[in-house]
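Only one structure is covered here, and it is reproduced in the block below.
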Amino acid sequence: MRRRFIVHVDIDAFFAAVEVLLNPSLEGQPVIVGGLPHERGVVSTASYEARRFGVHSGLPLRKAYQLCPQGIFLRGNYQLYRAFSEKFFSLLSSFTPDVEAASLDEAYLDLTRCRPLYPSFSRTVRQLKEKVEKELGLRVSVGVGPNKLLAKLATHQAKPGGLVEIPPGKESVFLQQLPVGCLPGVGPKAQAMLNLLGVKRVGDLWSFPRSTLRSLFGLNGDELYLQVRGIDARAVEPVRAPQSFSRETTFLEDIWDEQLLLAHLAYLSDRLALTLREEKLFAHLIEVKIRYADFRTVSRRRRLTMPLQTMGEIYRVAQDLFLSLFDSPRLALRLVGVKAAELTASRPLALFEPFLEREERLSRAVAEVRRKYGFAAVLTVRERLLERCYPLEQRRGFVLKTASLTK
Ligand SMILES: [Mg+2]
């Protein structure tokens, strides 16, 4: 097979780095983005200074505060980060059209097609890194390899702020010395199990037959067998349509009240409906997720023959699913979420649906008013209840965090 040239680019400590860029007095400080110390969410990004205290993404904020009480905790401004992200991708697109967004701040570039255009491939990658850093004002780490797996592992080695290019022919040497936990298929549990078997580095797995890996890890064993050999045939896929949209809320205090929970659900369904409308997509599948106060998480989904988009439709399905899940109100909830998946761009015309047509007209009108005057310009009865308990300004971010509901 023809050798490919894959470049992986990742912004270092993205959200925290944007905050520092816009407020230079934060330079060198342990910046923690995600919420305030007493809030119940998790850390989205920690600056390298904060990471020295053991703070990392996904860590509960309270825990982060215990580890790093001198940290500068910020709620974050996701619209701002999105704007930086868009600029990041448009800069990368000036090098090649073959750019895949792996997340807001992480991209794969396939430079195989463009390579003949550049006299020196390595110099081109260096220039790419310099250009992105200069125009964006943020530091990035870059990895180069023959596939996505190796390019990403190279970036990992390059962090923070470096560039690692795996020279052709040296892939195996590079891979073997890495700790086995670096492989994407090896989580903390698998790592502990492998350590018990005396496996510390990727190279220690080399002698394991495929059948052994399969008996240890099931079907993931096959994947692991290939990863150990640095094999990854996944293509860099430039445009990826969204697979699903979801909205969820972690409450600041657990909620027992069913009406209030349904009000939250209505609000999340409405936000989801607005997103679907903006993206001109319909959902074939609706899923509701709830997390009890003891962290037990359950979800239920329904596949629909007729795909949905309007707020009323989504809420009716979500409410049904919610009530079937929340049948034992012995425990309060700490999280509610709604997801729309199996998205499609069109909906088959129904012959006789006067009710749905009315709903579509209503939904369109509400979306229009909200686009012009803000979300709170029109509120349903349930949303008014929610608004009284806790106002809209306090529901922010991708993962919406809510304020106290006990007032
Ligand atoms: Mg990053």
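Worth a mention:
- Subset of segment 224-260 (residues that are within 30 Å of Arg201 (Cβ to Cβ) and crowded, with 18+ Cβ neighbours inside 10 Å): Leu224, Tyr225, Gln227, Val228, Gly230, Asp232, Val236
- Checked against the criterion of being charged (D, E, K, R), closer than 30 Å to Gly145 by Cα, within 16 Å of the ligand (Cβ to nearest atom) and touching a Pro at 6+ places or on another chain (Cβ under 8 Å), segment 51-63 contains not a single residue that satisfies it.
- When we screen Phe295, Phe251 for residues that are within 22 Å of Gly35 (Cβ to Cβ) and in a loop (DSSP other than H, G, I, E, B), the only hit is Phe295.
- Of everything listed in (1) free of Cβ contacts under 8 Å to residues at least 12 places away in the same chain; (2) among the charged types (D, E, K, R); (3) within 14 Å of the ligand (Cβ to nearest atom), the single unmet condition for Asp105 is (1).
- Val43 vs. criteria at pLDDT 95 or above and within 16 Å of the ligand (Cβ to nearest atom): no
Yes/no matrix, rows are residues, columns are (1) of a type in the set (Lys, Arg); (2) without any contact (Cβ under 8 Å) to a residue 60 or more places away in the chain:
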{"position": "Leu196", "(1), (2)": "no, yes"}
{"position": "Val202", "(1), (2)": "no, yes"}
{"position": "Trp206", "(1), (2)": "no, yes"}
{"position": "Gly221", "(1), (2)": "no, yes"}
{"position": "Arg247", "(1), (2)": "yes, no"}
{"position": "Leu260", "(1), (2)": "no, no"}
{"position": "Arg277", "(1), (2)": "yes, no"}
{"position": "His284", "(1), (2)": "no, no"}
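- Segment 109-161, subset of a type in the set (Val, Ile, Thr) and within 16 Å of the ligand (Cβ to nearest atom), residue farthest from the chain's Cα centre (by Cα): Val132
- Output for segment 97-121, where each listed residue is polar (S, T, N, Q) and within 26 Å of Pro184 (Cα to Cα): Ser103, Thr112
- Total residues in segment 1-40, condition acidic (Asp, Glu), more than 20 Å from Cys68 (Cβ to Cβ) and away from the ligand (no atom under 16 Å from the Cβ): 0
- Among the residues making up segment 117-149, those that are farther than 17 Å from Phe14 by Cα and either hydrophobic (A, V, I, L, M, F, W, C) or touching a Cys at 6+ places or on another chain (Cβ under 9 Å) (or both) are Leu117, Phe121, Thr124, Val125, Leu128, Val144, Leu149.
The values are calculated or read from the model by the stated rules, or taken from the named source; none is laboratory data. Being a predicted model, the structure only gives us computed values, none of them experimental. In this analysis, Cβ positions are derived from the backbone assuming ideal geometry, glycine residues included, and neighbour counts consider all displayed protein chains.
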